Amino acid sequence: MERAEAYGFSGAMSGAFLLSCLLFAAVSRRQRGPYMDEVFHVPQAQAYCHGRFLQWDPMITTLPGLYLLSVGVVKPAAWLLGWTGSVVCSVGMLRFINLLFSAGNFYLLYLLLFKIHQKNKAVSGFQRILSALTLAVFPTLYFFTFLYYTDPGSVFFTLFSYLMCLYGNHKTSALLGFCGFMFRQTNIVWTVFCAGNVVAEKLNEAWKIELQKKKDEKISSRKGSFSDLTRILQFLVEYVLSPKNLVTLIALTWPYIVLVSLFFVFVFINGGIVVGDRSSHEACLHFPQLFYFLSFTVFFSFPHLLTPAKIRKFLLSLQKHPVQYSLVAVISLFLIWKFTYVHKYLLADNRHYTFYVWRKVFQRHELVKYLLVPFYIFAGWSFADTLKSKSIFWILMYFVCLLAVTVPQKLLEFRYFILPFLIYRLNIPFLSLYRQLLELAFYILVNAVTFYLFLNRTFQWENSDEVQRFMW
């Protein structure tokens, strides 16, 4: 990092943290007590603060990583600063943990952008800082910086694990992956993603050698026709079935294999991936979740995905391959018909934005969910098109992880899309400075509206005296 870039990054991070502190104070003044899921998280952390580590709220579905880390930070800080009484492990103090995670995420996002795009000399330091700032204030993640939720910590350890993987520190990466797993069990998918990065790199090297041997200029390791993809998949199977190659891959990825093995042991002993209340978190094959994620990504990455040039390119592709797109449309319609699930929380809780998205869009008419298929196809094509700079093996590995982390979820919940979105966004090429500024301005606008609604547009339910607030 050059000196000017270092100063610029320090200034951006310090400024963002200061503004976050001011916003944190505003949120804490307006909502002093636990809100939404905090009514479970805060008392559990406070029980740990008082040494009651065997106490557990059965309504909590995640492992105790957040509470253990909170005690490990708050208790020494209270001892050093001489805090006593109710201030120790208060709601505000616990929420502040996530403000620290938010600062850490900003730094990790910058380091990841630097590492992933280090070969692109056209990217300036200012663009890296601007992109890191944009992702640090990504609305769905940024909102939960100010509440005591697992999301900021979950993202922190997953991004840290990914960074260590890219630098080849796989044992450290697996250890950080375990920390991420302790925050949210589904983060095990991103441990597999880190292992997949290693495997994809080896496969890409071997594929290039294979092309040189055959001197076949028609096949690309980046993209190609259906026949090219078939040959690549055939190569993939042959490579993995080779004992020599398999031993090499195991030797490279054994820390991740150990962690995934421990995960399966946990699932066997626990009787499932969810701890606590399982009645509302049943796994199912909810394939339309992929379509919702693609729509979510187009909304938050419209400067990348929703451009006139991309639309023209998509229409040309549609004209060139009508049969393939027709087949994709038929499959999509079938998946929506047979595998659409509506969780009871989605219909009942009018505090979440998803409640209004579902009611205003999908519940307008039974046919709406089918009429959206052309948009889903464009979103999927545009999404894949922005990843064309990555190797085909990386793309296959990412899509497998994307399916694994979204499809089993019955509840439409935007928080579940945070990590797959960030991984995607980190790996696509940089835009022009104008489009980067547009993206940042859009995120700031969405955040401003979100916090205005949360702080000022309160309401009450008929059967409750508690103040209710809109949120992600």
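The values are calculated or read from the model by the stated rules, or taken from the named source; none is laboratory data. Quick caveat: nothing in here was measured; it's all calculated off a predicted structure. Please note: Cβ atoms are built from the backbone with ideal geometry, for glycine as well, and neighbour counts cover all protein chains shown. With ligands, DNA and RNA removed, areas are computed over all heavy atoms of the protein, side chains included. Shrake-Rupley method; radii C 1.70, N 1.55, O 1.52, S 1.80 Å.
Structure data summary
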| item | result |
| --- | --- |
| Ordering of 323-331, 125-133 by burial proxy (mean other Cβ atoms within 10 Å per residue, highest first) | 125-133, 323-331 |
| Surface accessible to a 1.4 Å probe, residue 83 within the full protein complex, Å² | 90 Å² |
| Cβ-Cβ FRET estimate between residue 79 and residue 441, R0 fixed at 41 Å, reported to 0.05 | 0.40 |
| Unpartnered cysteines - no second Cys beta carbon under 4.7 Å - across the chain | 21, 179, 284, 401 |
| Signed unit charges on C-beta, dipole axis of the chain, positive-most listed residue 139, 23, 232 | 232 |
| Accessible-area composition of the chain, carbon plus sulfur, in percent [1.4 Å probe] | 67 percent |
| Cα-based equivalent ellipsoid of the stretch 282-431: semi-axis lengths in Å, sorted from largest, via gyration tensor | 25, 19, 15 |
| Whole-number accessible area per residue in Å² for the stretch 282-431, which is evaluated in the context of all protein chains at 1.4 Å | 46 Å² |
| 273, 232, ranked by accessible area, largest first (probe 1.4 Å) | 273, 232 |
| Set 115/208; 115/313; 360/410; 213/390 screened for pairs whose C-alpha atoms are more than 26 Å apart | 115/313 |
| Cα convex hull of the chain - mean projected area over all directions, nm² | 25.2 nm² |
| Accessible surface of residue 182 - all protein chains present, 1.4 Å probe, nearest 10 Å² | 40 Å² |
| Helical contribution to [θ] at 222 nm, DSSP H n ≥ 4, -39,500 (n - 2.57), averaged over the chain, rounded to 500 | -22500 deg cm²/dmol |
| Length gained when the stretch residue 458-residue 208 is fully extended (0.36 nm per residue, less Cα-Cα span) | 84.1 nm |
